[in-house]
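The values are calculated or read from the model by the stated rules, or taken from the named source; none is laboratory data. Here the structure is a predicted model, which means the values were calculated and not measured. Here the Cβ is made from the backbone with ideal geometry for all residues, glycine too, and neighbour counts use every protein chain on show. SASA here: full protein model, heavy atoms, side chains in, ligands and nucleic acids out. Shrake-Rupley method; radii C 1.70, N 1.55, O 1.52, S 1.80 Å.
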Amino acid sequence: LEKEAIEKIEKSTDMKELQSIKVDYLGKKGSLTGVLRGMGKLSKEERPVIGELANRVREAIATAIDEKNENLEHVALEEKLKSEAIDVTLPGRPVQTGGPHLLTKIVEEIEDLFISMGFEVREGPEVETDYFNFEALNLPKDHPARDMQDTFYITNELLLRTHTSPVQARTMQAYEDSKSVKMICPGKVYRRDTDDATHSHQFTQIEGLYVDKDVKMSDLKGVLDTFAKRLFGEDREIRLRPSFFPFTEPSVEMDISCKVCHGEGCSVCKRTGWIEILGAGMVHPNVLSMAGYDPKVYSGFAFGMGPERIAMLKYGINDIRQFYTNDVRFLKQFHNA
Ligand code: FA5
């Protein structure tokens, strides 16, 4: 019995088989248990001899099973380790990394540039009141110039801001004690414009405002010239053209020089060699006094630019919709820009 069992144990190749051998010999109905059960029928002299023998066989089988079990576990572990082995010399799988959106980058670049000239960065709400978006900017109700910016109204008094200019009035109010303001404000704005290559119903603006005693038009020109040269290169020139905004007087639009371009693909840089990038002017006296600043003592300049159009000019992008469709092939080109 012992020999037969040990042979089977040695031949077994998996845990399940080993378990069934254990049941066959040592289980309740197993062969060895049968022998022990039959002991009662033996004579007094035979009993201790057979008993001892049976116990020894039982032990031998149990030990053999334990040893085999350990052995099988070891083999299984070895196999598992082998199959899970990592080849550290294989090249790694490339990891897809994201990066800041081109628009985020250009806004941050412009922010840094103005911070270096002493401006602080402020924010304002996208859902704005009619008062801050229009009235505080010298645009009373029914003023015809309200039509310059077609507005998404939420209620009679609430709207999606059409420009970042309401932050001018908000900031001036916040600084009514010191009355010295030098800030820029980037943010999203909304207009009921029909989307095309250069217009989007939602776009970005960066507002600028400098109010203090003795701020002059030449200060505006100096700041804008520095901005244009740092962003686009020293060889660029700026040109201020008379314009109209109800909240500035005088008002100007700023063009930046670009290579004259003819024929197809000239949508970004106009054929004249100049392209408009922002509106600006001296803060209107009405705007100053509505914010609690005496226009006889304080003066200031303000400007508002569209960073999408600036990025289009800088990187030769000919459709503003590229910023919003989020085609990764487009966005990736600017990861290292
Ligand atoms: C304004 O919004 C004035 N608030 C700017 C301003 C501020 C003037 C402070 C004076 C003082 P305008 O509507 O021109 O002005 O817009 C300013 C810039 O926003 C434009 O030069 C252009 O770059 C950008 N822009 C205007 N409409 C759109 C549009 N639909 N899609 C993309 N960019 C636009």
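Being within 11 Å of the ligand (Cβ to nearest atom), out of contact with any Cys (no Cβ under 9 Å at 6 or more places or on another chain) and assigned to a loop (DSSP other than H, G, I, E, B), is that true of even one residue in region 144-158?
Within region 144-158, the first condition is being within 11 Å of the ligand (Cβ to nearest atom), and the residues that meet it are 145, 148-150.
From the residues that got through so far, the ones that are out of contact with any Cys (no Cβ under 9 Å at 6 or more places or on another chain) too are 145, 148-150.
With the extra rule that they be assigned to a loop (DSSP other than H, G, I, E, B), the set shrinks to 149-150.
Checked region 144-158: at least one residue is within 11 Å of the ligand (Cβ to nearest atom), out of contact with any Cys (no Cβ under 9 Å at 6 or more places or on another chain) and assigned to a loop (DSSP other than H, G, I, E, B).
Only residues that are within 9 Å of the ligand (Cβ to nearest atom) and among the β-branched types (Val, Ile, Thr): list them for region 178-193, please.
Listed by number, the list holds a single entry, Val189.
Can you tell me how many residues in region 279-310 are open to solvent by 10 Å² or more (accessible area, probe 1.4 Å), under 14 Å from Thr204 (Cα atoms) and acidic (Asp, Glu)?
Total meeting the criteria: 0.
Which of the residues that make up region 280-310 are in a loop (DSSP other than H, G, I, E, B), more than 10 Å from the ligand (Cβ to nearest atom) and not small (Gly, Ala, Ser)? Full working, then the answer.
From region 280-310, those in a loop (DSSP other than H, G, I, E, B) are 284, 291-297, 306; that's our starting set.
From what is left, the residues that are more than 10 Å from the ligand (Cβ to nearest atom) are 291-297.
Tyr293, Asp294, Pro295, Lys296, Val297, listed by residue number.
Take the residues of region 134-155 that are open to solvent by less than 60 Å² (accessible area, probe 1.4 Å) and of a type in the set (A, V, I, L, M): which is modelled with the lowest pLDDT?
Filtering first and then ranking leaves Ala145.
Could you check Leu313 against (1) open to solvent by 20 Å² or more (accessible area, probe 1.4 Å); (2) at pLDDT 90 or above; (3) within 13 Å of the ligand (Cβ to nearest atom); (4) within 31 Å of the chain's Cα centre (by Cα) and say which number it fails?
(2)
Taking Pro166, is it open to solvent by less than 50 Å² (accessible area, probe 1.4 Å) and within 10 Å of the ligand (Cβ to nearest atom)?
On the way: open to solvent by less than 50 Å² (accessible area, probe 1.4 Å): yes; within 10 Å of the ligand (Cβ to nearest atom): yes.
Spelling it out, Pro166 is indeed open to solvent by less than 50 Å² (accessible area, probe 1.4 Å) and within 10 Å of the ligand (Cβ to nearest atom).
How many residues are free of Cβ contacts under 8 Å to residues at least 60 places away in the same chain, away from the ligand (no atom under 16 Å from the Cβ), outside any loop (DSSP other than H, G, I, E, B) and not polar (S, T, N, Q) if we restrict to region 202-237?
Of the residues in that region, 3 qualify.
For residues that are under 25 Å from Ala228 (Cβ atoms) and in a strand (DSSP E or B), scanning just region 117-143, find the one that is farthest from the chain's Cα centre (by Cα).
For region 117-143, the residue satisfying everything is Glu120.
Does any residue in region 295-318 that is under 22 Å from Ser218 (Cα atoms) come within less than 7 Å, Cβ to Cβ, of a residue that is more than 9 Å from the ligand (Cβ to nearest atom) and small (Gly, Ala, Ser) six or more places away or on a different chain, and which pairs are these?
Listed by first residue and then by second, the contacts come to Pro295/Ser289.
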